Amino acid sequence: MNNKVVLITGCSSGVGRQLSMLLAEKGYRVIATARDITNLDGLQVDMKLILDVTDQESINKAMREIITRYGRIDILINNAGYSIRSAIEEIDLEDLSDMFDVNVFGLIRMIQVVSPYMRRQNSGRIINIGSVSGKLTGYVNGGYSASKHAVEAISDAARLELQSFGIQVTVLEPGAMDTDFFKTLSKNSDQKMKNEMSPYSSFYQSDLNFRKNQGRADVRKASKDICKILEKKRLKARYKIALPLIYTVLIMLPDRVRENILVSIHRKNQSIK
Ligand SMILES: NC(=O)c1ccc[n+]([C@@H]2O[C@H](COP(=O)([O-])OP(=O)(O)OC[C@H]3O[C@@H](n4cnc5c(N)ncnc54)[C@H](OP(=O)(O)O)[C@@H]3O)[C@@H](O)[C@H]2O)c1
């Protein structure tokens, strides 16, 4: 039985929700958080709190409640995140900034509030949910990919800085999973991507076609894999999750070869209906 205190962001759906359930079943004292607490209905966890990673006051309030109840924090899972799609020329800077506020600054805010407690305990784990997009950038995905590349860099720096305080930091790099991620992405990007007047419409169409036919990993299975990682004594710097082999190969190829493959994938997807 593991009774560690684990704080998870973005538990209203997807990975955050699955992890909350699975870890609670294993005996962890799970603090599931969401922007809207009613979205946590039905979750059997130790504690449910409102937490918006873009709102410092809501983060501070949640931390005060956690420390009052438990006096410690063993694991932070920085899970909250979403994606927008656009060609770089057409990216709406306000939308990009909002996404960075969640995916990057939100993650940093969370590290900043848990680190003082973990340093005092001389123990703790910070699990950052990155993405394969933090390693591999395709067309019309530059904005999201930039945010997840940032998560890689922040994780690497934090690991070096926090290890002497007994704190382990890792970044997870999932491939596509069957969560609300693509619903949110469609909601915030598809209208723009259906604009046939855009000079980038062939790329947008190709991405829309690709998403229609894309295989997505079972989120429960992916979350079980994450639970296994949490149980390891010593965390590695990074882990691939639910990632088809083709992506691992693409990441390793020389730039020119990889880009030629991405261009041919784009051409093929353009013609798929
Ligand atoms: N699914 C994939 O294919 C995939 C692949 C690679 C990486 N990832 C990463 O995996 C993580 C989890 O995503 P998911 O797949 O589980 O998607 P999801 O089902 O859409 O879950 C995303 C969660 O983030 C929360 N969130 C968004 N903005 C927030 C904010 N300001 N404060 C707190 N929570 C916020 C959402 O809450 P609301 O309900 O309040 O919006 C939701 O609970 C993300 O970091 C994502 O980038 C996903």
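The values are calculated or read from the model by the stated rules, or taken from the named source; none is laboratory data. Quick caveat, the model's predicted, so the values are computed rather than measured. Glycine gets a Cβ as well: all are built from the backbone with ideal geometry, and neighbour counts include every protein chain shown.
Quick check on F100: is it within 12 Å of the ligand (Cβ to nearest atom), over 30 Å from N260 (Cα atoms), surrounded by fewer than 19 Cβ atoms within 10 Å (Cβ to Cβ) and not acidic (D, E)?
no
Applying the selection to segment 146-159, what residues are away from the ligand (no atom under 11 Å from the Cβ) and either without any contact (Cβ under 8 Å) to a residue 60 or more places away in the chain or not small (G, A, S) (or both)? Give the steps one after another, and end with the answer.
Taking segment 146-159 first, the residues away from the ligand (no atom under 11 Å from the Cβ) are 146, 149-150, 152-159.
Correct list: A146, H149, A150, E152, A153, I154, D156, A157, A158, R159.
Which residues, counting only those in segment 67-112, are among the hydrophobic types (A, V, I, L, M, F, W, C), within 22 Å of A176 (Cβ to Cβ) and in a loop (DSSP other than H, G, I, E, B)?
Answer for segment 67-112, where residues must be among the hydrophobic types (A, V, I, L, M, F, W, C), within 22 Å of A176 (Cβ to Cβ) and in a loop (DSSP other than H, G, I, E, B): A80, I84, A87, I91.
Here's a check for you: in segment 108-124, which residue that is over 19 Å from G81 (Cα atoms) and crowded, with 23+ Cβ neighbours inside 10 Å is farthest from the chain's Cα centre (by Cα)?
Applying the filter and picking the extreme gives M118.
Among the residues of segment 29-44, how many are within 23 Å of D218 (Cα to Cα) and either within 12 Å of the ligand (Cβ to nearest atom) or under 21 Å from the mean Cα position of the chain (by Cα) (or both)? Even if it seems obvious, please write down each step before you answer.
First, pick out the residues of segment 29-44 that are within 23 Å of D218 (Cα to Cα): 30, 32-34, 39-44.
Still in the list and also either within 12 Å of the ligand (Cβ to nearest atom) or under 21 Å from the mean Cα position of the chain (by Cα) (or both): 30, 32-34, 39-40, 43.
So the answer is 7.
Please list, ordered by first then second residue, the pairs with beta carbon atoms under 7 Å, 6 or more apart or interchain, first in segment 237-251 and among the basic types (K, R), second surrounded by 13 or more Cβ atoms within 10 Å (Cβ to Cβ) and not in a helix (DSSP H, G or I).
Final answer for the pair search is R238/T170; R238/V171; R238/E173; K240/E173.
Could you please find all residues in segment 162-202 being closer than 30 Å to N78 by Cβ, out of contact with any strand residue (DSSP E or B) (no Cβ under 9 Å at 6 or more places or on another chain) and either away from the ligand (no atom under 16 Å from the Cβ) or at pLDDT 95 or above (or both)? Talk me through it step by step, then tell me what you get.
Taking segment 162-202 first, the residues closer than 30 Å to N78 by Cβ are 162-193.
Checking the rest, the ones that are also out of contact with any strand residue (DSSP E or B) (no Cβ under 9 Å at 6 or more places or on another chain) come to 164, 179-188, 190-191.
Of everything in segment 162-202, those that are closer than 30 Å to N78 by Cβ, out of contact with any strand residue (DSSP E or B) (no Cβ under 9 Å at 6 or more places or on another chain) and either away from the ligand (no atom under 16 Å from the Cβ) or at pLDDT 95 or above (or both) turn out to be S164, T179, D180, F181, F182, K183, T184, L185, S186, K187, N188, Q191.
If Q56 meets every condition in (1) surrounded by 19 or more Cβ atoms within 10 Å (Cβ to Cβ); (2) more than 18 Å from I75 (Cα to Cα) apart from one, which number is that one?
Exception for Q56: condition (1).
Kindly indicate which of E25, E65 is under 15 Å from S223 (Cβ atoms) and more than 20 Å from the chain's Cα centre (by Cα). Give the derivation first.
On the way: E65 fails: under 15 Å from S223 (Cβ atoms).
Exactly one residue qualifies, and that residue is E25.
Which condition breaks for F181 when tested against (1) crowded, with 17+ Cβ neighbours inside 10 Å; (2) in contact with a Lys or Arg (Cβ under 8 Å, 6 or more places away or on another chain); (3) within 30 Å of A158 (Cα to Cα)?
For F181, the failing item is (2).
Condition test on S12, is it hydroxyl-bearing (S, T, Y) and in contact (Cβ under 8 Å) with a residue 24 or more places away in the chain? Break it down stepwise before answering.
Details: hydroxyl-bearing (S, T, Y): yes; in contact (Cβ under 8 Å) with a residue 24 or more places away in the chain: yes.
Taking the combined requirement at face value, the residue satisfies it.
Hey, R17 hits all of (1) more than 8 Å from the ligand (Cβ to nearest atom); (2) in a helix (DSSP H, G or I); (3) among the charged types (D, E, K, R) but one; which does it fall short on?
Single failed check for R17: (1).
Looking at (1) over 30 Å from N122 (Cβ atoms); (2) within 16 Å of the ligand (Cβ to nearest atom); (3) touching a residue at least 12 places away in the same chain (Cβ under 8 Å); (4) in a helix (DSSP H, G or I), can you tell me which one N269 breaks?
(2) is the only condition that N269 fails.
If a residue must be more than 14 Å from the chain's Cα centre (by Cα) and surrounded by 24 or more Cβ atoms within 10 Å (Cβ to Cβ), how many such residues does segment 1-22 contain?
3
Kindly indicate whether G10 is closer than 21 Å to S223 by Cβ and assigned to a loop (DSSP other than H, G, I, E, B).
Answer is yes for this residue.
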